[in-house]
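Student: First the structure, which I've put down as structure tokens, then a few questions once you've had a look.
The values are calculated or read from the model by the stated rules, or taken from the named source; none is laboratory data. Keep in mind that this is a model prediction, so the values were computed, not measured. FYI the Cβ positions are ideal-geometry reconstructions off the backbone, even for glycines, and counts take in every protein chain you see.
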Amino acid sequence: EAQVTQNPRYLITVTGKKLTVTCSQNMNHEYMSWYRQDPGLGLRQIYYSMNVEVTDKGDVPEGYKVSRKEKRNFPLILESPSPNQTSLYFCASSPTSTGLNEKLFFGSGTQLSVL
Amino acid sequence: GDSVTQMEGPVTLSEEAFLTINCTYTATGYPSLFWYVQYPGEGLQLLLKATKADDKGSNKGFEATYRKETTSFHLEKGSVQVSDSAVYFCALMNYGGSQGNLIFGKGTKLSVKP
């Protein structure tokens, strides 16, 4: 089954403790992206990747890192989480980054709470 | 910069009522427009899209028409069902601007009562 898989689904952590949220897609998509969803703010893009070894900042990249060493994986890294990073996070992918197919496939989300 | 504005929710309707969720946009050039839907506990799914002026996107009884003169892409459905309860996001992608970013509105929560 074609899908975008995020793990974990729920995560509670404490300020300053490094964490990684994994994202994997099995559709050989070039483009992958991370969003955070907050009440009243909708979805905001954190980072995106057009292809392997190519990443770029979105609208709210501060406090986050990403890497794209393989086409299928796009982990989101919080080196020193803070309470303002408490949010619902979504990973998404798309077959191409050239606009020929703009449909995004979303994972089921990761609810992160930073205490 | 480019932006999307959609009506604030929540919107509560009775089953079989008519639905309109307003969406307007600001963008240079000729963006593509989308409606995504998020069912409880799930990620977003593409509902419909339109890529040029006067195009009508449709899916599952939902429709939206790309109106360049009013910069709008309102979502409509003639008769909603309880299963349509979800959060609806209007979005745009503008090829004249930064590649790789789908810009979302804040979302409108729809609740349909039996």
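Student: Among the residues of segment A:89-113, count how many are surrounded by fewer than 20 Cβ atoms within 10 Å (Cβ to Cβ) and at pLDDT 95 or above.
Tutor: 2
Student: Can you name the residue in segment A:8-26 that is within 14 Å of chain B (Cβ to nearest Cβ) and exposed (fewer than 14 other Cβ atoms within 10 Å of the Cβ) and, of all such residues, is nearest to B:GLN45 (Cα to Cα)?
Tutor: Across segment A:8-26, the extreme among qualifying residues is A:ARG9.
Student: Pairs needed: first member in segment B:38-59, over 29 Å from A:LEU88 (Cα atoms); second member anywhere, modelled with pLDDT under 95 and of a type in the set (Lys, Arg); C-beta distance under 7 Å; at least 6 residues apart or different chains.
Tutor: From segment B:38-59, the pairs are B:ALA53/B:LYS68.
Student: Right, another one. May I ask you to say which residue of A:SER108, A:SER80 is within 8 Å of another protein chain (Cβ to nearest Cβ) and not in a strand (DSSP E or B)?
Tutor: Selected residue: A:SER108, the only one of A:SER108, A:SER80 that is within 8 Å of another protein chain (Cβ to nearest Cβ) and not in a strand (DSSP E or B).
Student: Condition test on A:GLY40, is it buried (at least 16 other Cβ atoms within 10 Å of the Cβ) and either within 14 Å of another protein chain (Cβ to nearest Cβ) or within 22 Å of B:VAL37 (Cα to Cα) (or both)? If you could, list the steps in order and put the result at the bottom.
Tutor: Numbers: buried (at least 16 other Cβ atoms within 10 Å of the Cβ): no; either within 14 Å of another protein chain (Cβ to nearest Cβ) or within 22 Å of B:VAL37 (Cα to Cα) (or both): yes.
Answer is no for this residue.
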